[in-house]
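Notes to accompany the following structure.
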Amino acid sequence: MAKNGRPTKYKEEYVELVQSMVGDEGWSVTVFAAHIGVSRECVYNWTREIPRFSDAFTRAQLASEAHWEKRLVNDMMFNREANPQMCKLYLANRFGWSDKEKQVDVADVESDGFDEQIKKATEGAFND
């Protein structure tokens, strides 16, 4: 059955372009989408509809986080010109980084189902 609606703006060259812009250079999805003239939602739709692009996009996002982590360590950590609050805000908003850990109150944990309660309490605390 044919899809109705306007034709996609997707081009196969976007696989390499997303890796280059987002992965290698560390740009955001917003910058990538603006560069090719589509919305972020359109880019996210392609990740759901086009397996090859989805794979490239996922790898690019991981590479982008690694790019900024390396920049933080190599270029900004000991640079007096760097703005630590801005770096922290950027990394927290863009990649979900946080300096707060989830706390588990031992008094609230019952002996029955202890493993399950610990698992729930620490969910998402150890993201790879």
- [ ] May I ask for the distance between the Cα centers of the stretch 45-86 and the stretch 16-38, given as a whole number of Å?
- [x] 11 Å
Task: R94-N79 pseudo-label distance in nm [points 7 Å out on the Cα-to-Cβ vector] - done: 1.2 nm
Task: Distance (nanometres) between label positions extended 7 Å along Cα→Cβ at R48 and V31 - done: 2.7 nm
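What order do you get for 78-85, 52-59 when each peptide is scored by the mean count of other beta carbon atoms within 10 Å, highest first? If you can, show how the numbers build up before the last one.
Numbers: 78-85: 8.9, 52-59: 16.1.
The densest-packed peptide leads the list: 52-59, 78-85.
Read-outs: derived from the displayed coordinates by stated rules, not from any lab. Small disclaimer: the values here were computed from a predicted structure and weren't measured. Please note: Cβ atoms are built from the backbone with ideal geometry, for glycine as well, and neighbour counts cover all protein chains shown.
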